[in-house]
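A quick write-up on the structure given underneath.
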Amino acid sequence: MVGTFWGGQASQALQRELIRISRDLGPVSIEVRTFGMAALNDYLSRPQPLAGRESLDLAIVPHHWLGQLAQREVIGELPSERAQFLRQKLVGQALLAVSDGERVFGYPISAEVLALVYDPTIFPYPPRTIDEILSTRFQEGVLPLALDISSPQALAPLVGSLQGGLIDADGSLVWRPKAVVETLERLRAAWGSSDGWRAFRGSDLESLQVQLYSSGKLASFVAGPWLLQALEEAGRPFAVMPIPGFSGAPGRARALVGYQCVVISRESRWGDLALEVGAQLLQEDSSDRINRATRRLPVLLSAYESKQGLTSAGSFGFLRALEQGQFVPGTPHWTEELQKAEQQLEGFASHAQPPKLTRDAFLSNGDRP
Amino acid sequence: MKLRWQFVWSHLISILAAVLVIGAVHLFLLLRSTRVLEKQSLESSLSTVSHLLLQKIAQLESDRDALADFASGTRLDGGMETMGRLHDLLALYRVERVEVFNGLRREVEAFRWERGIGRGLETPWFPPNPSIAARIAGGGTASWVQRGASGQFSLKLCTLLARASPDERRWLVVTEPLDGTLLAAILPTGTVGAIEAGKQTLATWPVASSSSKGSLAELAAYLPRGTFSSLFEPLVARRPTVRFDDGTVLSVALMTSAIRSGQSLVVGLQAWFLVLAGGTLLAFTLGSSLASRLMAPLSALLDGTAAMARGHLMVRLPENRHDELGSLTREFNRMADEIRNTYLAAISTLAEVVEAKSRYTREHVERVERLVIATADVLERRGWVRFSSHQRFLLSVAAILHDVGKIAIGKEILNKSGPLDSTEREEILTHPEVGALIVERMGKLERAAEIIRCAHEHFDGSGYPRGLRGEEIPLESRIILAVDAFDAMTMNRPYSSGRPQEEAMAELRAEAGRQFDPVAVEALIEVLSTVERTKSAISHDSGLYRAVHPGQDARSSRRVMPPRDIRE
């Protein structure tokens, strides 16, 4: 059984690929079970009760979960021959993302990074700073910028540019409240009145942002490559560029680069088979099909050499963001720090109306439902 | 081919034929029952999937009504706040797309990007189907299947919103894409499926490809494969599940591979081969056993016939069967008896001729034979030698006919009481050779002839006709020489009495190693001592010579008579 938080076409593509693989491997039945992100983490991390709950054999998780999953012994280290196989096939950062020294904990299958999607008819040239976007005059009822305010990944480039970096010498996340508050303060112009606040928080936010953008109510927003298909079908022109920083910020804005990884559960009854399924998902054809369906970026050296799947304008923008991005270590410490930052931001975003931007207000829990 | 293998093969072929027929019938029944079970299982899955699909539609109707409650009391302007609230409701009710129409104008729409994105699933207003349009215009709820601009099918559920004013006519439409994801959540593992409307396939799972809707038949490539499952047609089950207001009947079709049939085939073949192996073993055992039972008397007959052909005249087979083979054995024995008696009659005749010419009586011949056999028994008992029945027979023949060569010697020489001159002596020395030639001519008695030829050879080489010594002389000849000499010494003649037994025994001991074989002498003396000690004679019933004259007292009869059955 394979657990994933991918939905829609990504889940379909994964299922199709697993069916292909299962046919090659013999009489194997592989089931895909879709969870919410938190539910998947919970399912993986809890010891399986005696009855009524099947253990996952494989799961597709963000690479920054790996450290904690390995620490809790939910997943095990890949055998050396599999690690060697990865060293030969992957771009360097993808391998580092799933490694702790010589130990490798999963198969990275795709890369992802947040970038700025903007309307080239409004911005005749790519905006150089966030302030430039916010200072642009728009028609009534048009938001200049939207992003998920509860997501550290969305805010990280801006916070990092103000702090001068996001990672300290120990590889831990640097997330200073002062810089975060300043970031939110400087973004305040984006949501303006309470009407715009919903475009920065809440459920199905990506759908809302895409629809606001496609209906001309949003000039730019921070999005991941998985929204490319939605944007292409929306029918409105769009361009993609790396997220710009604030004007006068001491550092460059660098988005966090993440990877989707296949991990093998230690509770799997078919460990060797699961390892083989994971390796099969990294074959050139499989990887290309999955990345095309999920609109994520490849991790295989061969894909970058052949430019396979990187031909659309949107992909090019995300690729640039990937190149300029900040590599995220998959250590338990990093995950812990990221979760703390997430809790803080969720507390802030849980306010139904835009809260006051003081350090205390930011650190409060807000009015969670 | 040997008879044994013919038996084994005939049993094998019979049992194999039986196993093949039974196995084929068993396999047919097994596969048929498995196929029925598979079909029932698929039907059961189909019921579940149909039920779940109906539940999903019911849930959509419930969600539509809940959204309608919200929309009825709300002014929807398509602004940021309205969009935000609709998205909150989308997440709450898990609806993929919601649209509100005010008259012919789309007031607001909201959708989740993962499945309902784009213009492809927009609801055209009014729907092209006149009956749906009429239902909607009439203020009722309506449901229909719609093919979108991009070819994707979706299910639409519409309801008229409560009116805020008499002129207000607003409708709410919720949409569920009819795609593979809908089926993926409700299909059992190892099964592919399709949602169909008439002959049109609306959605499949797995999705055949991103560009094609595919059909159920195309999905066979996605079915799990098991051992031998490809030999069977995939199982397909269809069931009309729900009818919408536009008359569309939505059916669910499931297909699964015949994995269990393949497994049953494997099990059936395994059982078949197991029975085949058991049958082969049984056939071999039964065939071999029966062959052994039939072949034992046949082999004995064969051996007996071969022995007879080689001159073994004492052959007699056990008659322990009461069937045709037993009759055959009895007939063989009867034939062997007749052959043997023919020989014995000839021997008897020769012995009679010798008696007629020489001074020896028939008692001498009889005693010599009995003592020779008794001496041979002692040697056997001591483990020095082992005689077969045939060798024993030949020994008896040789003992009886050891002086048959005297036929060719003149009677005056044979019965001369004084010393023989050199001519006479030379003539008498020829009688062993002559006797051997006579016996050889009888056929099958070459060994007896050789014993007779050497019956006057001395252990030290001083005998005649060839002057053989020691082990060169056949043991049987050495025994006959000692016994003949002893009996000659102790035999009463019409004109003189025989020497006492002790004296003759002393003479034998004295000549042991010179004239006689010490071993033969020792064995003979044991025989004689035993007879003396027990005061019994050697059985008169034993011996070949006696067997030729059944029912006659040897001491009262002066002549050798042919056996009764020969005379008869």
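With respect to A:ALA352, determine if the residue is surrounded by fewer than 16 Cβ atoms within 10 Å (Cβ to Cβ) and either modelled with pLDDT of 90 or more or of a type outside the set (Lys, Arg) (or both). Against the criterion (surrounded by fewer than 16 Cβ atoms within 10 Å (Cβ to Cβ) and either modelled with pLDDT of 90 or more or of a type outside the set (Lys, Arg) (or both)), A:ALA352 qualifies. If the condition is being outside any strand (DSSP E or B) and hydrophobic (A, V, I, L, M, F, W, C), then the range B:165-202 contributes B:LEU178, B:LEU182, B:LEU183, B:ALA184, B:ALA185, B:ILE186, B:LEU187. The sole residue among B:GLU363, B:GLU352, B:GLU331, B:GLU338 that is open to solvent by 20 Å² or more (accessible area, probe 1.4 Å) and over 26 Å from B:VAL439 (Cα atoms) is B:GLU331.
Do you know which residues across the range B:403-431 are of a type in the set (Gly, Ala, Ser) and part of a helix (DSSP H, G or I)? Answer for the range B:403-431, where residues must be of a type in the set (Gly, Ala, Ser) and part of a helix (DSSP H, G or I): B:GLY405, B:ALA408, B:SER422.
Consider B:SER210 carefully, then state whether it is within 12 Å of chain A (Cβ to nearest Cβ), over 30 Å from B:ALA66 (Cα atoms) and modelled with pLDDT under 90. Criteria met by B:SER210. Out of B:THR256, B:THR241, one residue alone is within 12 Å of another protein chain (Cβ to nearest Cβ) and either open to solvent by 20 Å² or more (accessible area, probe 1.4 Å) or among the hydroxyl-bearing types (Ser, Thr, Tyr) (or both). It is B:THR256.
Every listed requirement among (1) part of a loop (DSSP other than H, G, I, E, B); (2) of a type in the set (A, V, I, L, M); (3) within 7 Å of chain A (Cβ to nearest Cβ) is met by B:LEU90 save one, (1). Counting only residues that are open to solvent by 40 Å² or more (accessible area, probe 1.4 Å) and either part of a loop (DSSP other than H, G, I, E, B) or not assigned by TED's automatic domain parsing to the domain that holds B:GLU176 (or both), the range B:65-75 holds 2 of them. For the range B:93-107, the candidate set comprises residues that are free of Cβ contacts under 8 Å to residues at least 40 places away in the same chain and assigned to a loop (DSSP other than H, G, I, E, B); within that set, the residue that is nearest to B:LEU157 (Cα to Cα) is B:ARG94.
From the list B:GLY120, B:GLY78, the one residue that fits, being open to solvent by less than 30 Å² (accessible area, probe 1.4 Å) and assigned to a loop (DSSP other than H, G, I, E, B), is B:GLY78. Would you call A:SER268 in a loop (DSSP other than H, G, I, E, B) and touching a helix residue (DSSP H, G or I) at 6+ places or on another chain (Cβ under 8 Å)? When the stated conditions are applied, A:SER268 passes them.
Evaluate the following for B:GLU38: is it open to solvent by less than 60 Å² (accessible area, probe 1.4 Å) and either touching a Ser or Thr at 6+ places or on another chain (Cβ under 7 Å) or in contact (Cβ under 8 Å) with a residue 12 or more places away in the chain (or both)? So B:GLU38 passes the test.
Residue count for the range B:56-87, restricted to those that are within 24 Å of A:LEU205 (Cβ to Cβ), hydrophobic (A, V, I, L, M, F, W, C), more than 9 Å from chain A (Cβ to nearest Cβ) and touching a strand residue (DSSP E or B) at 6+ places or on another chain (Cβ under 8 Å): 4.
For the residues B:ALA133, B:ALA110, B:ALA162, the requirement of being part of a helix (DSSP H, G or I) and either away from every other protein chain (no Cβ under 14 Å) or buried (at least 16 other Cβ atoms within 10 Å of the Cβ) (or both) singles out B:ALA133.
From B:ARG509, B:ARG478, which residue is buried (at least 21 other Cβ atoms within 10 Å of the Cβ), part of a helix (DSSP H, G or I) and without any contact (Cβ under 8 Å) to a residue 60 or more places away in the chain?
Details: B:ARG509 fails: buried (at least 21 other Cβ atoms within 10 Å of the Cβ).
That would be B:ARG478, the only listed residue that is buried (at least 21 other Cβ atoms within 10 Å of the Cβ), part of a helix (DSSP H, G or I) and without any contact (Cβ under 8 Å) to a residue 60 or more places away in the chain.
The values are calculated or read from the model by the stated rules, or taken from the named source; none is laboratory data. Source: prediction; values computed, not measured. A quick note on method: Cβ atoms are made from the backbone with ideal geometry, for glycine too, and the neighbour counts reach across all protein chains shown. Calculation scope for accessible area: heavy atoms of the full protein, side chains included, ligands and nucleic acids excluded. Shrake-Rupley method; radii C 1.70, N 1.55, O 1.52, S 1.80 Å.
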